[in-house]
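**Student:** Just dropping this structure here.
The values are calculated or read from the model by the stated rules, or taken from the named source; none is laboratory data. All values derive from a computational prediction rather than experimental measurement. Ideal geometry is used to build each Cβ from the backbone, glycine not excepted, and the neighbour counts take in all protein chains shown.
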Amino acid sequence: MSGPKGTYDVLPGSEFGATAAVREALLAPSRLAGYAYAEAPVFEATELFSRGVGESTDVVTKEMFTFSDRADRSLTLRPEGTVGVLRAALDAGLHKGQLPVKLRYAGPMFRAERPQAGRYRQFQQVGVEALGLDDPALDAEVVALAWQAYAGIGLRKVRLLLTSLGDAACRPAYRASLTSFLDGLELDEETRRRATLNPLRVLDDKRPELQAQLADAPLMVDALCDACRDHLTAVQAGLDALGVPYEAAPRLVRGLDYYMRTTFEFVHDGLGAQSAVGGGGRYDGLAELIGGPPLPGIGWALGVERTLLALKAEGLDAPGEPTLDVFVVPLGAPAKAHAVGLVGQLRAAGVAADLAYGDRGMKGAMKAADRSGAAYAVVLGDRDLEAGEAQLKDLREHAQVAVPLDAVVETLKEKLL
RNA sequence: GUGGGUGUAGCUCAGCUGGUAGAGCACCGGGUUGUGAUCCCGGUUGUCGCGGGUUCGAGCCCCGUCACUCACCCCA
């Protein structure tokens, strides 16, 4: 018995047990920067993705989970987050108010790919979108927030790759020159087809024999129009001012068609083949593509699983569940009834507390106390009840003292807070 | 979709040139009828992924199949 192919379960102690904590930690810098929480549906009309992400992309042509509802409408589980969040923002008319609109989100995405290390069919992303302005200072802020997300969680070996993909003014001419260059190469059938659909995507092929052929390929960064070049320079200046180091990556291409101008990716070298831990860019034409008004935007998405794998690769601990403060060990029925109430009082006082359920013996219950990670155990037997006290044991110092029953909560609060 | 690797206890794995399944960890109990983490003793857990074939006999050999895994394409 196991879940569907390419999925995993988040359970205590499992590989991705810290998913919720990592999501929160990665978005913390964005929350402080004014990015408000947003949530769009997990499924949308198929057309939204095919138009937004791009008909020619691998994501749309072979990786979508698509199904029909009972009225025969075609729906698709979201393969990425930007399109849905943008659709929601436009639907609500947020773009008619104060700009930029800053949003953050988190949740599962779905792609029907063959699973491998760091790649799943249902995976978690966190993301931000800044809508309504094409100010390069905003690009710098957005990129810096991702940088700070990784730094905040403790990662040190993340590298930022940055480039510009040009815009409607300069990309068509570049694309033509790249196409004629590729026409002069000997390419296999599959690559040739890709060269026709989107010649830029041939550039980041990993096969060494192909890379060798591409050594003299023309680069977008050398063919930028003045506006795009100025934009890129301003973004770089912004990152310098924010103290975010970046590497020029003139061959960087993203798999989603909507990117233009500022484009970036975060990579980590400890992950095996799937080294991208996050990525994003500017998508000024996307709003119109999905049927909205012209509206510039920039954003990123970071992979939660890959972030967790990167933490592991660096030997770092993932943020964990809060550990227990107190574990109560009752002996006998009257003591157990009292223990239930005591645990309730402790929790109400903000103390993380649990007790030994299941009427275990002293030894087993103490063992459970030890495994729980609690700093203190409260031993409460019928003998103690009669004496009006409880035994308070410091599990690390191995020291035990008797405390009057009505002072247990106060005593523990003092020791712990 | 293409290629490589691996499927044995809850977990990590051992299992010889084919002879009918083991260790460590974990869990439970006892040593200590009211004290954990240490120590000692004992105990529970298996359609050897599944189906077929060869053989007196298959965890081991052969065929098929499924799953997992890594890599390509692509991406988080």
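**Student:** Residues that are hydrophobic (A, V, I, L, M, F, W, C) and either assigned to a helix (DSSP H, G or I) or not assigned by TED's automatic domain parsing to the domain that holds A:Asp257 (or both): does segment A:55-63 have at least one?
**Tutor:** Within segment A:55-63, the first condition is being hydrophobic (A, V, I, L, M, F, W, C), and the residues that meet it are A:59-60.
Subset that is either assigned to a helix (DSSP H, G or I) or not assigned by TED's automatic domain parsing to the domain that holds A:Asp257 (or both): A:59-60.
Looking for residues that are hydrophobic (A, V, I, L, M, F, W, C) and either assigned to a helix (DSSP H, G or I) or not assigned by TED's automatic domain parsing to the domain that holds A:Asp257 (or both), one finds at least one in segment A:55-63, hence yes.
**Student:** I've got another one for you. So, in segment A:357-368, how many residues would count as being near RNA strand B (Cβ under 6 Å from one of its atoms) and surrounded by 13 or more Cβ atoms within 10 Å (Cβ to Cβ)?
**Tutor:** Our first condition is that a residue be near RNA strand B (Cβ under 6 Å from one of its atoms); within segment A:357-368, this holds for A:360-364, A:366-367.
Keeping just the survivors that are surrounded by 13 or more Cβ atoms within 10 Å (Cβ to Cβ) gives A:360, A:364, A:366-367.
Residues meeting the conditions: 4.
**Student:** Condition first: hydroxyl-bearing (Ser, Thr, Tyr) and modelled with pLDDT of 90 or more. Now tell me which residues in segment A:232-258 satisfy that.
**Tutor:** Just the residues of segment A:232-258 that are hydroxyl-bearing (Ser, Thr, Tyr), to begin with: A:233, A:246, A:258.
The answer is A:Thr233, A:Tyr246.
**Student:** Moving to a separate point now. Working carefully through the options A:Thr191, A:Thr163, find the one that is within 14 Å of RNA strand B (Cβ to nearest atom), in contact with a Phe, Trp or Tyr (Cβ under 8 Å, 6 or more places away or on another chain) and on the phi < 0 side of the Ramachandran plot. Give the steps one after another, and end with the answer.
**Tutor:** Working: A:Thr191 fails: in contact with a Phe, Trp or Tyr (Cβ under 8 Å, 6 or more places away or on another chain).
Going through A:Thr191, A:Thr163 in turn, just one is within 14 Å of RNA strand B (Cβ to nearest atom), in contact with a Phe, Trp or Tyr (Cβ under 8 Å, 6 or more places away or on another chain) and on the phi < 0 side of the Ramachandran plot: A:Thr163.
**Student:** Tell me, yes or no, whether segment A:163-184 has at least one residue that is aromatic (Phe, Trp, Tyr) and touching a strand residue (DSSP E or B) at 6+ places or on another chain (Cβ under 6 Å).
**Tutor:** The initial filter retains those residues of segment A:163-184 that are aromatic (Phe, Trp, Tyr), namely A:174, A:181.
With the extra rule that they be touching a strand residue (DSSP E or B) at 6+ places or on another chain (Cβ under 6 Å), the set shrinks to none.
No.
**Student:** Could you tell me which numbered condition A:Pro79 fails, if it satisfies all but one of (1) under 15 Å from the mean Cα position of the chain (by Cα); (2) touching a residue at least 60 places away in the same chain (Cβ under 8 Å)?
**Tutor:** (2)
**Student:** Given the condition in contact (Cβ under 8 Å) with a residue 60 or more places away in the chain and not aliphatic (A, V, I, L, M), answer yes or no: does some residue in segment A:173-195 qualify? Explain how you work it out, then say what you get.
**Tutor:** Residues of segment A:173-195 that are in contact (Cβ under 8 Å) with a residue 60 or more places away in the chain, as a first pass: none.
The answer is no, given that none of the residues of segment A:173-195 is in contact (Cβ under 8 Å) with a residue 60 or more places away in the chain and not aliphatic (A, V, I, L, M).
**Student:** Sticking with this one: Can you confirm whether segment A:322-333 contains a residue that is among the charged types (D, E, K, R) and either within 13 Å of RNA strand B (Cβ to nearest atom) or over 23 Å from A:Thr411 (Cα atoms) (or both)?
**Tutor:** So in segment A:322-333, the residues among the charged types (D, E, K, R) come out as A:325.
Subset that is either within 13 Å of RNA strand B (Cβ to nearest atom) or over 23 Å from A:Thr411 (Cα atoms) (or both): none.
No, there is no match, as no residue in segment A:322-333 is among the charged types (D, E, K, R) and either within 13 Å of RNA strand B (Cβ to nearest atom) or over 23 Å from A:Thr411 (Cα atoms) (or both).
**Student:** As an exercise: evaluate A:Val351 against (1) in contact (Cβ under 8 Å) with a residue 40 or more places away in the chain; (2) surrounded by 13 or more Cβ atoms within 10 Å (Cβ to Cβ); (3) within 14 Å of RNA strand B (Cβ to nearest atom); (4) within 39 Å of the chain's Cα centre (by Cα) and give the number of the one condition it does not meet.
**Tutor:** The one condition A:Val351 does not meet is (3).
**Student:** Let me ask something additional. So which of A:Val340, A:Val403 is surrounded by fewer than 19 Cβ atoms within 10 Å (Cβ to Cβ) and touching a Ser or Thr at 6+ places or on another chain (Cβ under 6 Å)? Before the answer, list the steps.
**Tutor:** Numbers: A:Val340 fails: touching a Ser or Thr at 6+ places or on another chain (Cβ under 6 Å).
Just one listed residue meets the conditions, A:Val403.
**Student:** What residue, of A:Arg104, A:Arg87, A:Arg114, is under 26 Å from A:Val60 (Cα atoms) and surrounded by fewer than 19 Cβ atoms within 10 Å (Cβ to Cβ)? Walk me through how you get there before you give the answer.
**Tutor:** On the way: A:Arg104 fails: surrounded by fewer than 19 Cβ atoms within 10 Å (Cβ to Cβ); A:Arg87 fails: surrounded by fewer than 19 Cβ atoms within 10 Å (Cβ to Cβ).
Testing whether each residue is under 26 Å from A:Val60 (Cα atoms) and surrounded by fewer than 19 Cβ atoms within 10 Å (Cβ to Cβ) leaves just A:Arg114.
**Student:** Follow-up. Given A:Ala176, A:Ala168, A:Ala195, A:Ala149, which one is at pLDDT 95 or above and hydrophobic (A, V, I, L, M, F, W, C)? Don't jump to the end; show me each part of the working.
**Tutor:** Numbers: A:Ala176 fails: at pLDDT 95 or above; A:Ala168 fails: at pLDDT 95 or above; A:Ala195 fails: at pLDDT 95 or above.
After ruling out the rest, the residue left standing is A:Ala149.
**Student:** Related question: Restricting to segment A:26-71, name every residue that is small (Gly, Ala, Ser), more than 16 Å from RNA strand B (Cβ to nearest atom) and more than 19 Å from the chain's Cα centre (by Cα).
**Tutor:** Scanning segment A:26-71 gives A:Ala45, A:Ser68, A:Ala71.
**Student:** Let me confirm something: among A:Arg396, A:Arg383, which residue is assigned by TED's automatic domain parsing to the domain that holds A:Leu346, within 39 Å of the chain's Cα centre (by Cα) and among the basic types (Lys, Arg)? Working first, answer last.
**Tutor:** Working: A:Arg383 fails: within 39 Å of the chain's Cα centre (by Cα).
Being assigned by TED's automatic domain parsing to the domain that holds A:Leu346, within 39 Å of the chain's Cα centre (by Cα) and among the basic types (Lys, Arg) holds for just one of A:Arg396, A:Arg383, which is A:Arg396.
**Student:** Does segment A:100-117 hold any residues that are near RNA strand B (Cβ under 6 Å from one of its atoms) and assigned to a strand (DSSP E or B), and which are they?
**Tutor:** From segment A:100-117, those near RNA strand B (Cβ under 6 Å from one of its atoms) are A:111, A:113-117; that's our starting set.
A:Gln116 - this is the single residue of segment A:100-117 that is near RNA strand B (Cβ under 6 Å from one of its atoms) and assigned to a strand (DSSP E or B).
**Student:** Something else now. Go through (1) closer than 30 Å to A:Arg194 by Cβ; (2) more than 12 Å from RNA strand B (Cβ to nearest atom); (3) modelled with pLDDT of 95 or more one by one and return the number of the condition A:Gly93 breaks.
**Tutor:** Unmet condition: (1).
**Student:** Name the single residue, out of those in segment A:290-317 being touching a helix residue (DSSP H, G or I) at 6+ places or on another chain (Cβ under 6 Å) and away from RNA strand B (no atom under 16 Å from the Cβ), that is nearest to A:Ala146 (Cα to Cα).
**Tutor:** Step by step, filter segment A:290-317, then rank; the result is A:Leu295.
**Student:** Something else: Give the residue that is modelled with the lowest pLDDT, with candidates limited to residues of segment A:4-27 that are surrounded by 15 or more Cβ atoms within 10 Å (Cβ to Cβ) and over 30 Å from A:Arg371 (Cα atoms).
**Tutor:** That would be A:Gly6.
**Student:** Could you tell me whether A:Leu77 is in contact with a Ser or Thr (Cβ under 9 Å, 6 or more places away or on another chain), assigned by TED's automatic domain parsing to the domain that holds A:Ala287 and within 23 Å of A:Gly280 (Cβ to Cβ)? Step through it out loud before you land on a result.
**Tutor:** On the way: in contact with a Ser or Thr (Cβ under 9 Å, 6 or more places away or on another chain): yes; assigned by TED's automatic domain parsing to the domain that holds A:Ala287: yes; within 23 Å of A:Gly280 (Cβ to Cβ): yes.
Answer is yes for this residue.
**Student:** Also, I was wondering about something else. So, A:Tyr120, is that one within 15 Å of RNA strand B (Cβ to nearest atom), within 27 Å of A:Tyr246 (Cα to Cα) and aromatic (Phe, Trp, Tyr) or not?
**Tutor:** Details: within 15 Å of RNA strand B (Cβ to nearest atom): yes; within 27 Å of A:Tyr246 (Cα to Cα): no; aromatic (Phe, Trp, Tyr): yes.
Here the answer is no, as A:Tyr120 does not meet what is asked.
**Student:** Moving on. Let me spell it out: the conditions are (1) over 30 Å from A:Gly270 (Cβ atoms); (2) in contact with a strand residue (DSSP E or B) (Cβ under 6 Å, 6 or more places away or on another chain); (3) modelled with pLDDT of 95 or more, and A:Thr82 meets all of them except one. Which number is the exception?
**Tutor:** Every condition holds for A:Thr82 apart from (1).
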